[in-house]
Amino acid sequence: MRTLGIVLISFSLLACIRSDAGGGNAHASADAYRLETVTREIRQPWGMTWLPDGDMLVTSRPGVLYRLSPEGELTVIGGLPDIHVNGQGGLLDIILSPNFATDGWLYLSYASPARDALGSNTAIARARLVGNTLTEREVLYKAEPDSASGQHYGSRMAFDQDGLLYFSIGDRGDRDSNPQDLSRDGGKIYRLNANGSVPTDNPFVGQAGALPAIYSYGHRNPQGMARHPVSGAIWIHEHGPRGGDEINIVKAGANYGWPILSYGINYNGTSFAEAQAREGYESPRHYWTPSIAPSGMTFVTSGLYPEWQGHLLVGSLKFGYIEWVRLRGDQVAATARLFEGIGRVRDIRQGPDGYLYVATEGDGILRVVPRDSP
């Protein structure tokens, strides 16, 4: 593995101390760590997961799925569905079934192209990996209608402790139509059984006009999702517009307010939200102003990182660093910047070996290791 030389000086992580709303002052240090390059060959990684044999599966937004061995050998996986690569769309997240050792299912999110018209929308599919080819592929959910917009596919996925699948679909750039309408896809968190059927206790099952797969609504574009290792709750973060990125805990049937409520403003500087908080709507556990453009998140449980253990890490696309989010129970106590200057961070995951892996656009996959490790 080749170490990034600039890490020794510029990534000392006495980072900018943050005191914006939702958090207080915090010092954090990455002086004890350095970054190793795992591979530079994947230029636009989006999601990462690991097979039981230690190989990593990495999605690349232009529509390629890679298998990466611990020795650094890359193999392209065949058998992908048709994928619409446009704007923010393409091949997006990947996770394994919690019972992968016995059922062999892996799950993909991607921009699925329209059959008879231009555009696409978010789809969730599962398949089995035989050799280096996906087989038995089946679509579990396809959002409708297809849209020519290249914005806000969402697409993060996670399983809860009961084996139920959660996934996000962004508002697809149509904030005035989708997020608050339960009859429309977009701007929602969804929950399915592992086989794609709808759980009978989903909050809108049986409600006239509501899509039964919806679990919560009023979201903009969630591109981070992770299960809390202690409580089992599903945490997400989502992009705001100009300001107002949020961390939220997903609750059944809850309305998170977008676009009625927001801490952000339009990109042209004008306001649009009616308020920032209101009774009957869920308020964020934390928000960022200005926006950091968050993507990817993981709870740190590994003993390799004692200072960060029990807390949350979030990637920043806009500023090219990792945000350390110090937790106090289910509240955000403080945030600080780690590893500034590493490029657009698309995903961050803790691997089965206990190390943290960071997917960056342009510089490939990095690994965070103790500075004194060989």
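State, to one decimal in nm, how far the label point of ARG67 lies from the label point of THR102, with both points 7 Å from Cα in the Cβ direction.
Taking the simple label geometry, ARG67 and THR102 are separated by 2.4 nm.
Quick one: which of 266-272, 151-157, 236-242 comes out on top by average Cβ neighbours within 10 Å, and what's the full order, highest first?
151-157, 236-242, 266-272
Please tell me the relative contact order of the chain in percent, rounded to the nearest whole number, where contacts are Cα pairs under 8 Å and at least six residues apart.
Relative contact order here is 17 percent.
Heavy atoms only, probe 1.4 angstrom, no DNA, RNA or ligands counted: give me ARG43, ARG371, ARG61, ARG220 ranked by accessible area, highest first.
ARG43, ARG371, ARG61, ARG220
At a probe size of 1.4 Å, how large is the accessible area of SER69, to the nearest 10 Å²?
Counting only protein heavy atoms, the figure is 20 Å².
At 1.4 Å probe size, what's the solvent-accessible area of ASP93? Round to the nearest 10 Å².
Roughly 0 Å² of ASP93 is accessible to a 1.4 Å probe.
Rank LYS251, LYS142, LYS188, LYS318 by accessible area, highest first, at a 1.4 Å probe radius?
LYS318, LYS251, LYS142, LYS188
Accessible area per residue for the chain in Å², computed with a 1.4 Å probe and the full protein assembly in place, what is it?
Solvent-accessible surface per residue comes out at 39 Å².
Expressed as a whole percentage, what fraction of the accessible surface of the chain belongs to carbon and sulfur atoms when a 1.4 Å probe is rolled over the protein heavy atoms?
Roughly 47 percent, rounded to a whole number.
Hey, could you pull the Cα Rg and Dmax for the range 306-356, both in Å?
11.4, 31
Provide the solvent-accessible area of PHE159, counting protein heavy atoms only and rolling a 1.4 Å probe, rounded to the nearest 10 Å².
Looks like 20 Å² after rounding.
Would you calculate a helix-derived [θ] at 222 nm for the chain, using -39,500 (n - 2.57) for each DSSP H run of n ≥ 4 and dividing by the full residue count, to the nearest 500?
-500 deg cm²/dmol
Would you work out if the range 125-264 is rounded, prolate or oblate? Take a ≥ b ≥ c from the square roots of the eigenvalues of the alpha-carbon gyration tensor; rounded if a/c is under 1.5, else prolate when a/b is larger than b/c, oblate otherwise.
The shape class here is rounded.
The values are calculated or read from the model by the stated rules, or taken from the named source; none is laboratory data. Since the structure is predicted, the reported quantities are computational estimates derived from the model, not experimental observations. Note that each Cβ is placed from the backbone with ideal geometry, even for glycine, and that neighbours are counted across all protein chains shown. Only protein heavy atoms, including side chains, enter the accessible area calculation; ligands, DNA and RNA are left aside. Shrake-Rupley method; radii C 1.70, N 1.55, O 1.52, S 1.80 Å.
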